[in-house]
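The values are calculated or read from the model by the stated rules, or taken from the named source; none is laboratory data. Source: prediction; values computed, not measured. Counting neighbours? That spans all protein chains shown, and the Cβs are built from the backbone with ideal geometry, glycine included.
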Amino acid sequence: MSVKIETLLAQAGCGRDAKTGALATPIYQTATFEHPELGRSTGFDYSRTSNPTRLALEETLAAAEGGARGLAFASGMAALDALLRLFQPGDRVVVTEDLYGGTYRLLEKIFRPAGVEAIYVDTSQTELVKAALAQPNVRAVLLETPSNPLLKIADIPAIAKLAKARGLLTMVDNTFLTFYLQRPLELGADVVVYSASKYLGGHNDVVAGALIARTPELGERLAFFQNAVGGVLGPQDSWLLLRGLKTLPLRLRQQQQNAQRIAELLANHPRVRKVFYPGLPSHPGYAVLARESSGFGAMLAFEVESASRVAEILKRVRVFRFAESLGGVESLITYPLAQTHADIPAEIRDRLGINDRLLRLSAGIENTADLIGDLEAVL
Ligand SMILES: Cc1ncc(COP(=O)(O)O)c(C=O)c1O
């Protein structure tokens with residue numbers, strides 16, 4: 001019987017241990033597996049290749065995203081590394097220009113020297129993507145949408161269609177909205193990548209990553225890199241993610257509600273210059289996201305009137321926590337210039353608008369009035 005996503009997630013990993021009937025998937029803390037005899041295997045040989053706890057997570061991720069194969073990695077960066085190994089020296093990949101600083105670092109410091117070149121584009125402008133896809137040796141497009149930290153929205157189906165017409169892969173970093181709100185594979189993408197440290201884990205207590213491929217063939221190629229390079233997620237962290245996933249819909253609903261209220265407060269606040277939240281009708285990506293997702297997520301950014309106020313705000317917040325990362329139950333405030341995007345060269349940051357007045361918020365599940373009160377007090 002096919003069930004709705006809330007049901008699938010609530011019962012993630014249930015009933016996989018016929019021997020004991022354990023409801024939750026046990027943590028199979030083992031590196032290796034004993035063989036009954038030569039030529040026979042239980043299906044598990046060595047935990048880098050496959051582990052029952054990780055497999056329960058990977059199958060849940062594949063089912064939730066609507067893909068053929070899910071793969072869990074030790075971090076979002078390890079997942080992105082495995083993904084980019086699909087490309088050969090001389091290949092080029094069109095990439096969202098205002099993306100997570102660590103992805104930029106991976107592309108520029110690891111893959112560019114190895115001959116794989118990123119072409120950065122404002123992927124909220126489909127025409128610009130179309131022109132970039134037509135450049136020689138382009139093999140794929142990597143969209144981060146909403147982008148980090150400016151929450152720009154790419155039109156996934158329009159871009160996937162353009163890529164498909166040229167026989168190119170569409171890859172989507174779905175970290176900010178997750179399969180609960182945005183379904184890239186159904187919108188035409190070939191593979192989805194996650195920092196699972198964020199909403200999927202949801203409690204700011206595990207670092208993890210994931211890839212979900214639409215087809216078994218692509219899943220098999222990525223699984224080869226996962227096993228050959230070995231950046232796999234361990235059984236304890238796989239179990240934590242399985243547990244986190246069960247409450248993803250509940251968490252995201254509350255987080256999104258908090259984000260919407262915070263965005264409305266900031267949009268009308270005299271001490272705030274600009275607000276970036278795709279759930280505000282004034283946001284340029286509002287119409288696309290309203291059409292293509294079932295929610296606007298819980299990430300937002302805003303510019304204060306002057307950079308001289310930033311240090312004081314970061315010091316004085318009491319409910320928001322000043323920390324890198326996002327997507328957990330605790331609300332976080334981040335200063336992208338000095339934290340998540342410090343590895344992007346200053347001239348690029350300036351052009352993109354990642355300036356010294358910009359703060360990023362990840363709304364948690366706390367009481368809305370407490371969050372609003374905290375921001376009103378510091379502003
Ligand atoms: C959109 C996005 N993708 C990828 C990553 C990298 O993931 P991780 O920190 O789990 O390695 C991050 C981390 O912040 C992110 O925000």
Kindly indicate whether ARG85 is among the basic types (Lys, Arg), modelled with pLDDT of 95 or more, closer than 17 Å to GLY231 by Cα and surrounded by 23 or more Cβ atoms within 10 Å (Cβ to Cβ). no
State whether the residues of region 278-285 include one that is under 26 Å from THR247 (Cβ atoms), crowded, with 19+ Cβ neighbours inside 10 Å and either under 18 Å from the mean Cα position of the chain (by Cα) or at pLDDT 95 or above (or both). yes
Can you pull out every residue in region 51-81 that is away from the ligand (no atom under 14 Å from the Cβ) and among the small types (Gly, Ala, Ser)? ALA56, ALA62, ALA63, ALA64, GLY66, GLY67, ALA68, GLY70
Condition first: more than 23 Å from TYR335 (Cα to Cα) and in contact (Cβ under 8 Å) with a residue 24 or more places away in the chain. Now tell me which residues in region 101-117 satisfy that. ILE110, PHE111, ALA114, GLY115, VAL116, GLU117
Condition set aliphatic (A, V, I, L, M) and more than 21 Å from PHE224 (Cβ to Cβ), scope region 202-212, selection farthest from the ligand (Cβ to nearest atom): answer is VAL206
Condition (residue is away from the ligand (no atom under 16 Å from the Cβ), acidic (Asp, Glu) and part of a helix (DSSP H, G or I)) applied to region 281-295: is it met by at least one residue? yes
So, in region 287-302, how many residues would count as being surrounded by fewer than 19 Cβ atoms within 10 Å (Cβ to Cβ) and under 28 Å from HIS203 (Cα atoms)? 2
Tell me, yes or no, whether region 207-221 has at least one residue that is touching a helix residue (DSSP H, G or I) at 6+ places or on another chain (Cβ under 7 Å) and assigned to a loop (DSSP other than H, G, I, E, B). yes
Among LEU218, LEU222, which is the only one that is of a type outside the set (Phe, Trp, Tyr) and under 18 Å from the mean Cα position of the chain (by Cα)? LEU222
Does at least one position in region 118-128 carry a residue that is free of Cβ contacts under 8 Å to residues at least 24 places away in the same chain and part of a loop (DSSP other than H, G, I, E, B)? yes
Can you find a residue that is within 16 Å of the ligand (Cβ to nearest atom), farther than 22 Å from LEU280 by Cα and not assigned by TED's automatic domain parsing to the domain that holds ARG291 anywhere in region 144-165? no
Pull up region 32-82, narrow it to residues that are among the hydrophobic types (A, V, I, L, M, F, W, C) and in a loop (DSSP other than H, G, I, E, B), then point me to the one that is farthest from the chain's Cα centre (by Cα). LEU38
Residue by residue through region 239-273, note down the ones that are closer than 17 Å to LEU379 by Cβ and of a type in the set (Gly, Ala, Ser). ALA259, ALA263, ALA267
For region 173-201, which positions are on the phi > 0 side of the Ramachandran plot and within 13 Å of the ligand (Cβ to nearest atom)? THR178
Taking only pairs six or more apart or across chains, which ones have beta-carbon atoms under 7 Å, a first residue in region 192-205 that is over 19 Å from ALA68 (Cβ atoms), and a second residue that is more than 7 Å from the ligand (Cβ to nearest atom) and of a type in the set (Ser, Thr, Tyr)? TYR199/THR178; GLY202/THR247
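State which residue is surrounded by the fewest Cβ atoms within 10 Å (Cβ to Cβ) when the search covers only region 109-123 and only residues that are farther than 30 Å from VAL288 by Cα and within 15 Å of the ligand (Cβ to nearest atom).
To start, the set of residues in region 109-123 that are farther than 30 Å from VAL288 by Cα comprises 109-116.
Right, trim to within 15 Å of the ligand (Cβ to nearest atom) and you get 109-111.
On the way: LYS109: 10, ILE110: 14, PHE111: 20.
It comes out as LYS109.
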Can you pull out every residue in region 248-280 that is part of a helix (DSSP H, G or I), of a type in the set (A, V, I, L, M) and more than 24 Å from ILE156 (Cβ to Cβ)? LEU250, ILE262, LEU265, LEU266, ALA267
Flag for ILE156 being surrounded by fewer than 19 Cβ atoms within 10 Å (Cβ to Cβ) and among the aliphatic types (A, V, I, L, M): no
Say we look at region 124-143 and pick out the residues that are over 25 Å from VAL275 (Cα atoms) and within 16 Å of the ligand (Cβ to nearest atom); which of these is surrounded by the fewest Cβ atoms within 10 Å (Cβ to Cβ)? LEU142
Only residues that are in a loop (DSSP other than H, G, I, E, B), within 15 Å of the ligand (Cβ to nearest atom) and among the β-branched types (Val, Ile, Thr): list them for region 313-355, please. THR340, ILE344, ILE354
Exactly one of ARG273, ARG318, ARG291, ARG261 is outside the structural domain of LYS198 (by TED's automatic domain parsing), within 21 Å of the chain's Cα centre (by Cα), at pLDDT 95 or above and not hydroxyl-bearing (Ser, Thr, Tyr), and that residue is ARG291
